[in-house]
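Q: Have a look at this one.
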Amino acid sequence: MHARSALFDLYGDHLLSRGGSAPVAALIRILEPLGIRAPAVRTAISRMVAQGWLSPEPRAGETQPREDGQRGAAYRLTDRARLRLDEAGARIYRTRPEPWDGHWHVRVLAPIAERSRRERVRTQLRFLGLAPISDSTWVSPWPSAGADALVAEESLAVVALTTTDAEPAGRLLAAFDVDALGAAYAAWLDEAARQVEPALGDADDRTAFVVRSELLHSWRMFLFSDPGLPDVLLPADWPGHRAAAFFDEHAARLLPAASRFIDQCLTPTGADR
């Protein structure tokens, strides 16, 4: 698990509900059981600040935020990061309140000449739940404020439309490769059953945090391939439903102990000042 990914998981799953901010020393304590060392944490924080995901904030009694990596510095999620994590959380835990309304959301992008920029945009659009039906045309069964924000941030020329007349449905679903996605869910379920074994008994808080973090991290990878396809579009006996039930059960079971570990690590110590 890379430090940057672990920080996104940590902020989204635990810190967002605790105000969205934490000092570097606490972040290092939290990620250490995952095998992520302090220099990697500091480097990832610096990159996330540069990319607009985190911002430094003053500590109590200070008027200016401390420099990156300085002992005692704290980092808060930016509004951009909160939007991204809110959307990701709704997909991870499938908390959309409304059923699918039958609309497809389509975005046609102007060509992007620079290869690195083009790949960055494609990766982010996939993470946000869109899939390409051509080099320029992306589709999703759900609206995405995150995708709209990305298009604005990248200053991309785009034609956006929402329609119930997009046909054929098979062509749209092919963009998400439903057969491969179903096989991936089945494979994940087998691996996840082994993943949770260390915490099936009376696991301590640290172990519960590690196992839950690894489970969440592997489940989060489906954000790149599944926008949360509506049931009406899926085959019967969809493996994703069994995988989701397994994730929900064990994520909820391990949450109280993992939360205790987080709260313990967030408690300031003398070394934090």
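Q: Using the Kirkwood formula over every pair of different C-alpha atoms, what hydrodynamic radius in Å results for the chain? The partial results should precede the final answer.
A: Working: mean 1/r = 0.0494 Å⁻¹.
Final number for the Kirkwood radius of the chain is 20.3 Å.
Q: Which order do the peptides 147-157, 34-44 take when ranked by the mean count of other beta-carbon atoms within 10 Å per residue, highest first?
A: 34-44, 147-157
Q: Per DSSP H run of n ≥ 4, the term is -39500 (n - 2.57); total these for the chain, divide by its residue number, and report the mean residue ellipticity at 222 nm rounded to 500 deg cm²/dmol.
A: Taken over the chain, the calculation gives -15500 deg cm²/dmol.
Q: Work out the FRET efficiency for Glu114 and Ala38 from their Cβ-Cβ distance, taking R0 = 41 Å, and round it to the nearest 0.05.
A: The value I calculate is 0.75.
Q: Please report the spacing between the Cα centers of the range 115-178 and the range 1-44 in Å, no decimals.
A: Cα centroid to Cα centroid, the span is 30 Å.
Q: Reported to two decimal places, what Rg/Rh ratio describes the range 178-266 when computed on Cα atoms with Rh from the Kirkwood expression?
A: Values: Rg = 14.5 Å, Rh = 13.9 Å.
We get a ratio of 1.04 for the range 178-266.
Q: Scaled to the compact-protein estimate 2.2 N^0.38 Å, what is the alpha-carbon radius of gyration of the range 175-222, rounded to two decimal places? Before the final figure, lay out each step's value.
A: Working: Rg = 13.1 Å, N = 48, 2.2 N^0.38 = 9.6 Å.
My calculation over the Cα atoms of the range 175-222 gives 1.36.
Q: Then there is this: For the range 109-169, what does the convex hull of the Cα positions come to per residue, in cubic angstrom?
A: Hull volume normalised by residue count: 84 Å³.
Q: So what's the range 122-221 giving for Rg/Rh, alpha carbon basis, Kirkwood Rh from the mean inverse pair distance?
A: 1.12
Bear in mind that the values in this text are calculations on the coordinates, not laboratory data. Because the structure is predicted, anything quoted here is derived from the model rather than measured. Heads up, the Cβs are rebuilt from the backbone with ideal geometry, glycines too, and the neighbour counts pull from every protein chain shown.
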